[in-house]
């Protein structure tokens, strides 16, 4: 979906960006007609208004899809994909509307429920149409049953100024209180608001195959609006959500979709040609591929993960990348013998540990409703165990990078401080100093801490340690 969102015009929708097809490639793609190009009104010349007609059946599909997402454990995008596979009659535009609506509700679920005074999927969808998309009660009333009319009036008249801060910011009480405790109310509020904003689409240039300036030029020549990322020297930020997975530069492995913050984690490893490097929690391998390119496909790069399924997602990406130094290994756990055999031999280890993922709420808003305080406490203990196991792999003089995509200090600074307190053979290394050697103009101090409202990235934490004994 386009980051600009959707505007209502009568019973139809249009992209709020009002850009031409060359710069807006959302699934409800803007369509510029010759008549519009000749229009005397420049504000209306960029987008036709009649994009998709909202029908009662489409609203019901959104309600059904949301119900399945809320009922099913696991990531929302996976539940939504299952729903679409079971409802193949929905066209591309209809699916885009359903997906947009479901994720809008997940992002603002608490405030919408407060407005509707119920958490039923139907009420949440109707509340999103009125309070987020700006439809009038009269317009929505045309799409619903007579018995829904009182609910619409309840939604319209709800006053957000009577709600608590946590409700207004669409966070669970415990998470809002935790953020205030860690950061103070003003910073916590700014962070929470930043996590409600749309996420950028960033690309990482595969420097084993291409250079950023050449990729930027090729994208622009093809009508893709883009700029260099402000921090990552190998990143590109796209305007809108173009279908980049069908672009020749993606298909030939010259670019990968990767948030700029995630790119910075790989940059902190500062992997060099010929080294032995381990990506200890590789997942689908986004940072693994970035490291392999930094190493110019030399040395030996191990991609460890306890999920063979996640590692399998690396295979097609690795084939596109052209790298030959990557060795995926599915471990049984952090103490797997295949990892232990490398003890004391590795030059660099990256531990992007399993975490709450609260730094990615712009993309994964369901996470804030799936985790409780106790779950985070369990994750912190697990992060400590994984970091302990990964540290054993390093040679003296080797570097260890600990990272999470969480905005909670307990999962970041807390784990880093505990590690140093229990490992006298390691010393901290300034992240700002490491980034400076990699030509990254970003100084957040000893640790790397990036957040959406300040840096335009997902929320990430990182700390660097060097083995001294």
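The values are calculated or read from the model by the stated rules, or taken from the named source; none is laboratory data. Here the structure is a predicted model, which means the values were calculated and not measured. Cβ: placed from backbone, ideal geometry, glycine included. Neighbour counts: every protein chain shown.
Values for this structure:
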| item | result |
| --- | --- |
| Residue count for the stretch 244-274, restricted to those that are within 18 Å of residue 318 (Cα to Cα) and assigned to a helix (DSSP H, G or I) | 10 |
| Test: residue in the stretch 210-232 that is surrounded by fewer than 19 Cβ atoms within 10 Å (Cβ to Cβ), farther than 18 Å from residue 456 by Cβ, in contact (Cβ under 8 Å) with a residue 40 or more places away in the chain and in contact with a helix residue (DSSP H, G or I) (Cβ under 8 Å, 6 or more places away or on another chain) | yes |
| Residues satisfying the stated conditions in the stretch 314-330, i.e. surrounded by 15 or more Cβ atoms within 10 Å (Cβ to Cβ) and either touching a residue at least 60 places away in the same chain (Cβ under 8 Å) or farther than 13 Å from residue 281 by Cα (or both) | 317, 318, 320, 321, 322, 323, 325, 326 |
| Complete set of residues in the stretch 273-289 that are farther than 28 Å from residue 451 by Cα and either in contact (Cβ under 8 Å) with a residue 40 or more places away in the chain or buried (at least 24 other Cβ atoms within 10 Å of the Cβ) (or both) | 275, 276 |
| Complete set of residues in the stretch 322-341 that are under 18 Å from residue 391 (Cβ atoms) and part of a loop (DSSP other than H, G, I, E, B) | 331, 333, 334, 335, 336, 341 |
| Some residue of the stretch 394-404 being in a helix (DSSP H, G or I), in contact with a strand residue (DSSP E or B) (Cβ under 6 Å, 6 or more places away or on another chain) and crowded, with 22+ Cβ neighbours inside 10 Å | no |
| Condition met for residue 200 (at pLDDT below 95, under 19 Å from residue 363 (Cβ atoms), in contact with a helix residue (DSSP H, G or I) (Cβ under 9 Å, 6 or more places away or on another chain) and surrounded by 17 or more Cβ atoms within 10 Å (Cβ to Cβ)) | yes |
| One residue from 379, 387 being farther than 21 Å from residue 343 by Cα and assigned to a helix (DSSP H, G or I) | 379 |
| Flag for residue 89 being in contact with a strand residue (DSSP E or B) (Cβ under 7 Å, 6 or more places away or on another chain) and modelled with pLDDT under 95 | no |
| Evaluation of residue 119 against (1) free of Cβ contacts under 8 Å to residues at least 60 places away in the same chain; (2) more than 23 Å from residue 363 (Cβ to Cβ); (3) not in a helix (DSSP H, G or I) (one fails), failing number | (2) |
| Selection from the stretch 412-447 of residues that are more than 27 Å from the chain's Cα centre (by Cα), surrounded by 14 or more Cβ atoms within 10 Å (Cβ to Cβ) and in a loop (DSSP other than H, G, I, E, B) | 423 |
| Residue list for the stretch 125-140, filter: surrounded by 20 or more Cβ atoms within 10 Å (Cβ to Cβ) and in contact (Cβ under 8 Å) with a residue 60 or more places away in the chain | 125, 126, 129, 135 |
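Here is a yes/no grid of residues against (1) surrounded by fewer than 19 Cβ atoms within 10 Å (Cβ to Cβ); (2) in contact (Cβ under 8 Å) with a residue 24 or more places away in the chain; (3) over 30 Å from residue 99 (Cβ atoms):
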{"residue": "291", "(1), (2), (3)": "no, yes, yes"}
{"residue": "300", "(1), (2), (3)": "yes, yes, yes"}
{"residue": "311", "(1), (2), (3)": "no, yes, no"}
{"residue": "338", "(1), (2), (3)": "yes, no, yes"}
{"residue": "355", "(1), (2), (3)": "no, yes, no"}
{"residue": "359", "(1), (2), (3)": "no, yes, no"}
{"residue": "374", "(1), (2), (3)": "yes, no, yes"}
{"residue": "378", "(1), (2), (3)": "yes, no, yes"}
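Residues checked against (1) within 18 Å of residue 356 (Cα to Cα); (2) at pLDDT below 95; (3) in a loop (DSSP other than H, G, I, E, B):
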position	(1), (2), (3)
123	no, no, no
134	no, yes, yes
156	no, yes, no
167	no, no, no
179	yes, no, no
187	no, no, no
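Results for (1) touching a helix residue (DSSP H, G or I) at 6+ places or on another chain (Cβ under 8 Å); (2) farther than 19 Å from residue 55 by Cβ, shown as yes or no for each residue.
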{"position": "120", "(1), (2)": "no, yes"}
{"position": "131", "(1), (2)": "yes, yes"}
{"position": "144", "(1), (2)": "yes, no"}
{"position": "168", "(1), (2)": "yes, yes"}
{"position": "175", "(1), (2)": "yes, yes"}
